[in-house]
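Okay, structure first, notes after.
Here, each number is a calculation from the coordinates, and none is a lab measurement. Bear in mind the structure is a predicted one, so any value in this text is a computation, not a measurement. All Cβ positions, glycine included, derive from the backbone under ideal geometry; neighbour counts span all protein chains shown.
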């Protein structure tokens, strides 16, 4: 039998990891295996068809992070309309009968099933289907939630977002052809095809790590925006210049770890002024990331 916890776990952040640590301790006390149960689709997408989530982690990224924990088993359920109609009792019965769950650790602020209720309701409903229900302790430090982290990333505060995540915000995306303007400036860039559904940080210039297809990790500076100096219109692009790298990456996946925002995107008087600023940005990245 399994001791389990359940949630969407977007970002698998410090708050989630606190819950998972409590899960491991409870499972050990009960001499059972620990199971994490999550969903492939944000439940709100099913209940509100016009809701388009901007996620910290796409399903595969989330599964990779959850599998890195000490949990014995990670299950990703497909959240469809039929599941949204289940009551909490029906859902717990599914967990008990199909996944051998006899103990459920609930996040202190988590609720599931269309009937809702408080923790005493869930304890009673669980008892009726053979599941003992416990509520997790709240993280004693500052409030950590996926929503707060999303807001920080949208505001460009990657330092604070990374602190709450417990790791650097990351994206893996294929390199696509661009206009090769960066090459003409002496700063060749890899244009990334940003994944649909993945939250995009605020426009600006960022210090980052770029992990190449061969696994090597290099310092980089990344620009998100419409490149106003070269009149790119309103077309938002994501371009990364990898310091001290010379090679072709078209069609290959590139993994970016965001470290911090350097500055806002801005319009320069001419290309020469832009080149001067890019040189300053590159020098700052080299120096600052020596200490990271």
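Eigen-decomposition of the gyration tensor built on the alpha-carbon atoms of the stretch 106-211 gives equivalent ellipsoid semi-axes of 44, 16, 11 angstrom, largest listed first. Could you tell me which of rounded, prolate or oblate describes the stretch 16-109, using a ≥ b ≥ c as the square roots of the eigenvalues of the alpha-carbon gyration tensor, with rounded for a/c under 1.5 and, failing that, prolate when a/b is larger than b/c and oblate otherwise? Since a/c reaches 1.5 but b/c is at least a/b, the shape of the stretch 16-109 is classed as oblate. Averaging 1/r over each pair of different alpha-carbon atoms in the stretch 168-288 and inverting the result gives 14.4 Å, the Kirkwood hydrodynamic radius.
Which part of the stretch 1-34 falls in the paramagnetic zone of residue 68, meaning amide N under 13 Å from the point 7 Å along Cα-to-beta-carbon? Once the point is set 7 Å along Cα→Cβ of residue 68, 11-14, 17 turn out to lie under 13 Å by backbone N, inside the stretch 1-34. With one equal scatterer per alpha carbon and no solvent term, the Debye-computed log10 I(q)/I(0) for the chain at 0.08, 0.13, 0.15 1/Å reads -0.43, -0.92, -1.10. Taking each DSSP H run with n ≥ 4 as -39500 (n - 2.57) and averaging over every residue of the chain yields -9500 deg cm²/dmol at 222 nm. Rounded to the nearest 10 degrees, what's the angle between the helix 271-288 long axis and the longest principal axis of the chain, both from Cα atoms, 0 to 90? Between helix and principal axis, roughly 50 degrees. Projected label points at residue 100 and residue 44, each 7 Å from Cα along the beta carbon direction, are separated by 3.6 nanometres.
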